[in-house]
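The values are calculated or read from the model by the stated rules, or taken from the named source; none is laboratory data. Note that the structure is predicted; figures quoted are calculated from it, not measured. Keep in mind that these areas ignore ligands, DNA and RNA; they rest on the heavy atoms of the full protein, side chains included. Shrake-Rupley method; radii C 1.70, N 1.55, O 1.52, S 1.80 Å.
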Amino acid sequence: LDDLGEDDMEALKAGGFQVLKKRDAAGRSVLFGRYTSMKYKTIDNVLRALWYIWMSILEDPVNQMKGVVAVGYEVGKVPLDKFDEALDELDESGDALGFEIDDSFNGGFDRTLAREIVSVPLSVPARPVGYHLCTDSHQWVGILNMVMVTLCKFVRLRMRIHHGTDQECKYALMTHGMPTDCVR
């Protein structure tokens, strides 16, 4: 933790990524991520915080043997909703107001951050054994299905997309042995 700066610590404490207190049914740690909970000044802040979390996970020999499960949970107001709101607002000439994304988290979707987040697990000596992406947004499902086509076979075979309400997504996670009482 001494290597993390003040902004890195803020990104870590925001809880965008965290390891759940309970393991899944197979005894693996669960890395939980929620894009809408991330707070950062620069993308590097989030990446350093995520790197720290991955390195902390790997200190446990059980995780080295059994692997780690990652869960992305975007149920509720998701970043893509901002695009719809921007289109609803019109300027004086009647044109839709643009949606501008800056480096600080403002509720928008940052594609560069998403690409970098995906690269971190590929850079650490971890064994990801499952990916679960939960959403209630049809926009996210479409994007995730397109992204899955571009992923390597190893990841595609281990990735599941769960679409539905909060309760439906939690039930879907439970069928895969995930502890849902830790998910809020």
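Measuring nothing but how far apart in sequence close Cα pairs (under 8 Å, 6+ apart) lie, relative to its length, region 1-40 scores a relative contact order of 45 percent. For the residue pairs Lys41/Lys66; Lys22/Lys170; Lys66/Lys170; Lys22/Lys66; Lys41/Lys170, the alpha carbons lie more than 26 Å apart in Lys41/Lys66; Lys41/Lys170. The Rg/Rh ratio for region 127-184, using Cα coordinates for both the radius of gyration and the Kirkwood hydrodynamic radius, is 0.98.
Computing the accessible area with a 1.4 Å probe over protein heavy atoms, can you report the carbon and sulfur percentage for region 131-184?
Values: 1970 of 3240 Å².
Answer for region 131-184: carbon and sulfur cover 61 percent of the accessible area.
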